[in-house]
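The structure appears below as structure tokens.
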Amino acid sequence: NVDGIYGSLTVAAVKRFQQKNGLKVDGIAGTQTLNAMGIMQSSSSGSSSSNSSNVNSIAKAIYGEARGEPYTGQVAVGAVILNRIDSPDFPNTLAGVIYQPLAFEPVQNGTINQVVPQNADARKAAQDALNGYDPTGGCLYFYNPDTATSKWIWSKQILKTIGKHNFAK
């Protein structure tokens with residue numbers, strides 16, 4: 001669980017990530033490691049840099065989870081990520097939600113690190129979600145019923161289906 005403590009387990013996880021992604025293996029979440037994770041360090045340039053970083057992080061998650069889904073479904077995936085930040089049941093940061101262990105398949109399999117093309121719908125969908133568009137009505141979960149393997153997800157109340165994904169609370 002994300003707890004804000006950079007202890008030995010976090011160092012080990014960072015080293016595994018660095019090794020898997022061809023980075024210098026030192027256990028330090030420096031600029032190159034954070035960039036590979038899609039977490040851009042903000043500088044004194046202010047909120048536009050931070051917003052660009054947030055769009056990029058959410059777009060990577062959308063691209064990994066919902067590429068090929070209808071545009072509304074892509075926005076819905078971004079909205080679920082943002083809804084989790086506001087929920088007491090999840091980490092309260094964007095990186096905490098996206099990189100929460102076992103939360104998103106692209107993080108587990110490394111496809112979160114794919115470059116999202118500049119013209120990809122995922123980028124616009126991420127921006128629309130950040131602007132407050134939530135086609136899910138506040139959902140905290142989504143899954144593809146044809147590929148879901150976690151049995152607990154079936155206990156969640158489905159509120160919407162968009163494309164191949166069910167959205168649930």
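The values are calculated or read from the model by the stated rules, or taken from the named source; none is laboratory data. Given the structure is predicted, the values throughout are model-derived calculations rather than measurements. Backbone-built Cβ (ideal geometry, glycine too); neighbour counts: all protein chains shown. Remember, those area values only see protein heavy atoms, side chains included, never the ligands or the DNA or RNA. Shrake-Rupley method; radii C 1.70, N 1.55, O 1.52, S 1.80 Å.
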| Candidate set from segment 120-149 (those that are without any contact (Cβ under 8 Å) to a residue 40 or more places away in the chain and among the small types (G, A, S)); member that is least open to solvent (accessible area, probe 1.4 Å) | A148
| Does segment 4-23 contain any residue that is modelled with pLDDT of 80 or more, in contact with a Pro (Cβ under 6 Å, 6 or more places away or on another chain) and open to solvent by less than 30 Å² (accessible area, probe 1.4 Å)? | no
| task | State all residues of segment 150-169 that are in a loop (DSSP other than H, G, I, E, B), small (G, A, S) and exposed (fewer than 12 other Cβ atoms within 10 Å of the Cβ); if no residue qualifies, say none. | result | S150
| Quick one: P88 ticks every box in (1) in contact with a Lys or Arg (Cβ under 8 Å, 6 or more places away or on another chain); (2) open to solvent by 50 Å² or more (accessible area, probe 1.4 Å); (3) over 18 Å from I58 (Cβ atoms) bar one, so which box is it? | (1)
| field | Residues that are over 20 Å from F90 (Cα atoms), at pLDDT below 95 and out of contact with any Lys or Arg (no Cβ under 6 Å at 6 or more places or on another chain), drawn from segment 134-169 | value | P145, D146, T147, A148, T149
| task | Within segment 136-149, track down each residue that is on the phi < 0 side of the Ramachandran plot and part of a loop (DSSP other than H, G, I, E, B). | result | T136, C139, L140, N144, P145, D146, T147, A148, T149
| For V115, which of the numbered conditions (1) in a loop (DSSP other than H, G, I, E, B); (2) buried (at least 21 other Cβ atoms within 10 Å of the Cβ) fails to hold? | (2)
